Amino acid sequence: MNIDSKTLEQQDMKMLVHSLELVSARIFESVITLNQTACSNTPEMHALFDQWVSFLGEEVLRAAEETGELDPEEISKKIGVSSSTIISLALSLHRQGKIRIKSFMVEPGNNVNTEICDCMNK
């Protein structure tokens, strides 16, 4: 089998350009979203966001009090947010002194970055 290195280089370059296009689009989308959010950060919006975070935090606290353990996957399914959000809330509650994280139980992941939108994986 003959492999043409120029063809491979061209394919690699096309893949690189496509990846850079996706990254650029995602960065642009993030900047626009951040700008829109910042522009609408009225006192009422800030209060609503604080209430939402407080509500989610209460759910995490409730789960912690029931069993003494937190299962981010289970809680996230129950209240409709990502497990990354639950972990962030737990860390925030730990920093506030509302809970004390004593250990982490982990297992191998699936190598999917949940912080990146699906559009980046195409």
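The values are calculated or read from the model by the stated rules, or taken from the named source; none is laboratory data. As the structure is a prediction and not an experimental result, all values here were calculated from the model. Note that we place each Cβ from the backbone using ideal geometry, even for glycine, and neighbour counts take in every protein chain shown.
Odds and ends about this structure:
- Extreme residue, farthest from Trp52 (Cα to Cα), among residues of region 87-106 that are outside any helix (DSSP H, G or I) and modelled with pLDDT of 90 or more: Lys102
- Residues that are within 17 Å of Val106 (Cα to Cα) and of a type in the set (S, T, N, Q), drawn from region 66-81: Ser76
- Just one of the listed residues (Ser24, Ser30) is surrounded by fewer than 12 Cβ atoms within 10 Å (Cβ to Cβ), within 16 Å of the chain's Cα centre (by Cα), part of a helix (DSSP H, G or I) and polar (S, T, N, Q), namely Ser30.
- Breaking point among (1) part of a helix (DSSP H, G or I); (2) without any contact (Cβ under 8 Å) to a residue 12 or more places away in the chain; (3) of a type in the set (Asp, Glu), for Glu59: (2)
- Unmet requirement for Ser84, which otherwise passes all of (1) under 22 Å from Ser30 (Cα atoms); (2) in a helix (DSSP H, G or I); (3) of a type outside the set (Asp, Glu); (4) in contact (Cβ under 8 Å) with a residue 40 or more places away in the chain: (4)
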